[in-house]
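Peer 1: Structure below; questions to follow.
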There are 2 protein chains.
Amino acid sequence: MTLNQDPTDFWERTTLLPGISIDCVIFGFHDNQLKILLLKYKGTNFFALPGGFIDQDENLENAAAKVLEERTGLRDIYLEQFYTFGQKSRRDDSKHIEVLNKQGITLAPNHFLLNRFISVGYFALIDFTKAIPTPDKLSDTCEWHDVEKLPDLIFDHNEILKKALETLRFPLLPETFTMGELLSLYETILGRKLLRANFQRKILSLEILERLDKKMTGAANKAPYLYRFAKKSNQYLEK
Amino acid sequence: MTLNQDPTDFWERTTLLPGISIDCVIFGFHDNQLKILLLKYKGTNFFALPGGFIDQDENLENAAAKVLEERTGLRDIYLEQFYTFGQKSRRDDSKHIEVLNKQGITLAPNHFLLNRFISVGYFALIDFTKAIPTPDKLSDTCEWHDVEKLPDLIFDHNEILKKALETLRFPLLPETFTMGELLSLYETILGRKLLRANFQRKILSLEILERLDKKMTGAANKAPYLYRFAKKSNQYLEK
């Protein structure tokens, strides 16, 4: 099968924006473990971040949310745009061709997948026990990988991941949490223990947390406060 | 004159990436005044942020640096990517058509300027006394505007500017500076006085400043330290 530019199936759709893609760094956190969701392309050893394209008729943020939903089954998840990657040499097309060849697909020389792509990076942080990882059309696995034992990634995906990790160290998170949970997350991401009092003082001095009600547990006098991050950066999702 | 897709001049170049643009928020700071560089399209009252396109053979960051250089005469300036704008309704093509009509130019219906564009936002902060503002082909003025007295901007440029201002409140700046100068900048951006001791404590607790040598002035014992921001986010420019 040779793919041309005719819109006969997904890989030939001409309603996609021609040179823009999305890459999602999906962090999974549970019981002090931090994992990342990766695809492995069919019949290859190429690992990749979940990604996708943007339809002409679709907002950028919606396209990112769709990638997240298709790969995890989760929707209405906090997604944060963190950087747009536009080095001209960021992709090696021979890998695309190899991936598709494994499936008996040949791309015509003018196929849109062979365009230069600029990719907008998003990250999400979810509880990995709640996701149902689902491969995309080009992959045979979609699995959680420990952040300490990641395989090498295709294209510039190692850089995208590194940038997302740097951004995540800055304070952007989804729902409500206690100071202890936040500390624990940061310790996992940073790979080292932090002094609790010091951490709390710093993070509060940033004035980016909103303190909510106390978390109701059995021992009322020991109940910790819940916090959430002020969702400033989320404004473009809310339109 | 009707523009088609033939590459006979700039507006017909087919070597540009088809649906991606750059918008630059260029802040100018001097003597406690904060200004923003704006274009006014020829024969209209449409004000716009300086912008540009990306050549197939050009890194995204280089395209942004080129916009900055062409509009200010300055090069090797610290440019920070802050957000990518991808709402499908972000541009109103009738304004493009009006701008070009004023110059006797008609766009063919398939002209690339009528594509949907996703725009990558960059900001820079420069000393406005050092720039030589220069209009682009579509504009008759390129001028500094006080941040307190800005005109309404075309397309989603008001939003782009707002997002840049939010980002600038976070600590990303170019060269070296004293704590007093940084405080002064923040006060100007925020439009209110800050408590110096408090400001210094907060900004240092973020661990994003590098302290350099003392600034050499006449009164050596009173010389303030110079600081600079760690250039983490600049890594993609340095390749």
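The values are calculated or read from the model by the stated rules, or taken from the named source; none is laboratory data. Computed from a predicted model, the values in this text were never measured in an experiment. A quick note on method: Cβ atoms are made from the backbone with ideal geometry, for glycine too, and the neighbour counts reach across all protein chains shown. Surface areas here come from the heavy atoms of the whole protein model, side chains and all, with no ligands, DNA or RNA. Shrake-Rupley method; radii C 1.70, N 1.55, O 1.52, S 1.80 Å.
Peer 1: Keeping all protein chains in place, calculate the accessible area per residue for segment A:13-146 (probe 1.4 angstrom), answer in Å².
Peer 2: Details: 5140 Å² over 134 residues.
I get 38 Å² per residue for this part.
Peer 1: With θ taken as phi - 60° and the coefficients 6.51, -1.76 and 1.60, list the Karplus ³J(HN,Hα) couplings across segment B:18-29 in order, rounded to whole Hz; mark glycine and proline as x.
Peer 2: x, x, 10, 10, 10, 10, 10, 9, 9, 8, x, 10
Peer 1: Pull up all non-local amide H partners of B:LEU153: gap of 5 or more, or a different chain, and H-to-H distance under 5 Å with H placed in the peptide plane.
Peer 2: B:ASN158
Peer 1: Right, another one. Take peptide A:77-83, look around each residue's Cβ out to 10 angstrom, count Cβ atoms belonging to other protein chains, and average those counts.
Peer 2: On the way: counts 0, 0, 0, 0, 4, 1, 7.
For peptide A:77-83, the averaged partner shielding equals 2.
Peer 1: List, in the order given, every pair from A:LYS202/B:LYS193; A:LYS42/A:LYS95; A:LYS202/B:LYS162; A:LYS193/A:LYS222 whose Cα-Cα distance in the structure shown is over 20 Å.
Peer 2: Values: A:LYS202/B:LYS193 22 Å; A:LYS42/A:LYS95 12 Å; A:LYS202/B:LYS162 27 Å; A:LYS193/A:LYS222 23 Å.
Among A:LYS202/B:LYS193; A:LYS42/A:LYS95; A:LYS202/B:LYS162; A:LYS193/A:LYS222, the Cα-Cα distance tops 20 Å for A:LYS202/B:LYS193; A:LYS202/B:LYS162; A:LYS193/A:LYS222.
Peer 1: Estimate for me the total accessible surface buried between chains A and B (protein heavy atoms, probe 1.4 Å, no ligands or nucleic acids), in Å² to the nearest 100. Before the final figure, lay out each step's value.
Peer 2: Working: alone 13100 and 13120 Å², together 22630 Å².
Chain pair A/B: roughly 3600 Å² of buried accessible area.
Peer 1: Among A:LEU34, A:LEU68, A:HIS111, flag the residue with its Cα farthest along the positive direction of the charge dipole of segment A:13-117, charges on Cβ as +1 for Lys/Arg and -1 for Asp/Glu.
Peer 2: Going by the Cα projections, it comes out as A:HIS111.
Peer 1: Along Cα-to-Cβ, 7 Å out, sits the label point; list in nm, shortest first, how far the one on A:LYS137 is from those in the other copies.
Peer 2: Label-point separations across copies, in nm and ascending: 3.7.
Peer 1: At B:GLY104, with labels set 7 Å past Cα in the Cβ direction, how many nm apart are the copies from this one, shortest first?
Peer 2: Going from nearest to farthest copy, the values are 6.1 nm.
Peer 1: Now a separate question. Considering every residue in A:114-122, what mean count of other chain Cβ atoms within 10 Å of its Cβ is obtained?
Peer 2: Details: counts 0, 3, 5, 2, 8, 1, 5, 1, 0.
What the average comes to for A:114-122 is 3.
Peer 1: Report the gain in length on full extension from A:ASP57 to A:THR15: 0.36 nm times residue separation, minus Cα-Cα distance, nm rounded to one decimal.
Peer 2: Details: separation 42, 0.36 × 42 = 15.12 nm, distance 0.81 nm.
Stretched out fully, the A:ASP57 to A:THR15 stretch lengthens by 14.3 nm.
Peer 1: Calculated FRET efficiency, A:ASP76 and B:ALA223, Cβ-Cβ r, R0 51 Å, to nearest 0.05?
Peer 2: 0.40
Peer 1: Check which residues have an amide H placed less than 5 Å from B:ILE118's amide H, if you skip close sequence neighbours.
Peer 2: Distant-sequence amide H within range of B:ILE118: B:ILE20, B:SER21.
Peer 1: Taking each residue of A:99-112 in turn, how many C-beta atoms of other protein chains fall within 10 Å of its C-beta, and what is the average? Write down the numbers at each step before the final one.
Peer 2: Values: counts 0, 0, 0, 0, 0, 0, 0, 0, 0, 0, 0, 0, 0, 0.
That average works out to 0.
Peer 1: Also, I was wondering about something else. Work out from phi, with θ = phi - 60° and the Karplus expression 6.51 cos²θ - 1.76 cosθ + 1.60, the ³J(HN,Hα) of each residue of segment B:35-41, listed in order in whole Hz, and give x for Gly and Pro.
Peer 2: 10, 10, 8, 10, 9, 10, 5
Peer 1: Considering amide H positions built from the backbone, and no H for Pro or chain starts, which residues 5 or more places from A:LEU34, or on another chain, come under 5 Å of its amide H?
Peer 2: A:VAL147
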